[in-house]
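Notes to accompany the following structure.
The values are calculated or read from the model by the stated rules, or taken from the named source; none is laboratory data. Just so you know, these numbers come straight off a predicted model, no measurement behind them. We place every Cβ from the backbone using ideal geometry, glycine too, and count neighbours over all the protein chains shown.
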Amino acid sequence: MGAIYILWLRELKRYVRSRVQIVVSLAQPCLYLLAFGAGFSPVFKQAGLGSYVQFIAPGIIGMTVLFSSVFNGIAMLWDRQFGFLKETLVAPVSRLQIMIGRTLGGATVAVIQGTLVLLICILFGFRPQSWAALPLAFLFVFLVAMVFSALGTAVGSVIKDMQGFQLVMNFLVMPIYFLSGALYPLKNLGKAMTFVTHLDPLTYGVDGLRGALIQAYYFSPVLDATVLVAVACCLLALGAYLFSKIEV
């Protein structure tokens with residue numbers, strides 16, 4: 001447990017010290033809220049669906065958590081390049097503990113960024129229907145962060161160069177985000193689109209967030225949480241296996 005705590009604390013300190021990362025990570029959500037929130041609000045209201053800012057805010061939070069957590073694998077590439085990863089691997093602790101510590105650290109950073117974006121959404125006019133549901137919303141934020149932090153760590157265990165990692169992550173992240181229902185309702189989609197969105201784990205995270213914050217579930221909170229927990233466990237197991245294959 002000591003190794004898990006040390007790696008978790010290290011990832012947290014790295015984020016706190018990087019003021020540029022904090023500022024840049026908040027710029028994209030602001031752009032989405034301004035461009036999409038203001039741009040599509042009239043169309044959304046004319047369709048009788050209410051405020052688009054209310055609808056899109058949980059999706060923007062999910063996007064922030066996705067991007068932040070999945071690119072946690074970049075930290076592994078930096079550690080591999082500068083030798084810290086080698087020192088970690090030769091430590092007398094299991095690689096599963098190292099994997100869990102890194103994943104928890106990346107997930108914690110993603111939760112912090114998601115919280116900051118929630119505050120920004122409130123400044124843009126977003127209002128949760130029930131403040132008492134915020135703990136449930138943060139549960140879904142944490143589950144999404146764990147899923148994609150584990151994914152980023154797993155990919156970072158296989159790919160050794162920064163360019164290759166960014167190409168793979170962009171290939172995965174953008175479809176995951178745009179197919180999650182973060183920007184549009186999941187109702188009345190075509191059969192093919194419905195099938196694809198149901199395969200996307202972020203769909204369940206965004207649905208859980210949207211349901212907790214504005215009471216607009218497409219599935220159910222139990223199904224959303226169950227799918228996210230199952231996917232997180234699978235990715236942690238896969239990441240631990242791939243991480244164990246890294247040569248010192």
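Observations on the model:
- Residue selected from the stretch 114-153 under the condition of a type in the set (Gly, Ala, Ser) and more than 17 Å from the chain's Cα centre (by Cα), by the criterion farthest from ASP207 (Cα to Cα): GLY125
- Listing of helices (runs of 4 or more DSSP H) fully contained in the stretch 122-205 that carry 3 or more residues being polar (S, T, N, Q): 134-158, 162-178
- Qualifying residue in the stretch 79-102 (condition: crowded, with 23+ Cβ neighbours inside 10 Å, modelled with pLDDT under 75, of a type outside the set (A, V, I, L, M, F, W, C) and assigned to a helix (DSSP H, G or I)): no
- Flag for PHE219 being within 21 Å of ALA57 (Cα to Cα) and aromatic (Phe, Trp, Tyr): yes
- Looking across PHE171, PHE178, PHE140, one residue alone is on the phi < 0 side of the Ramachandran plot, buried (at least 17 other Cβ atoms within 10 Å of the Cβ) and not β-branched (Val, Ile, Thr). It is PHE140.
- VAL222 being of a type in the set (A, V, I, L, M) and surrounded by 13 or more Cβ atoms within 10 Å (Cβ to Cβ): no
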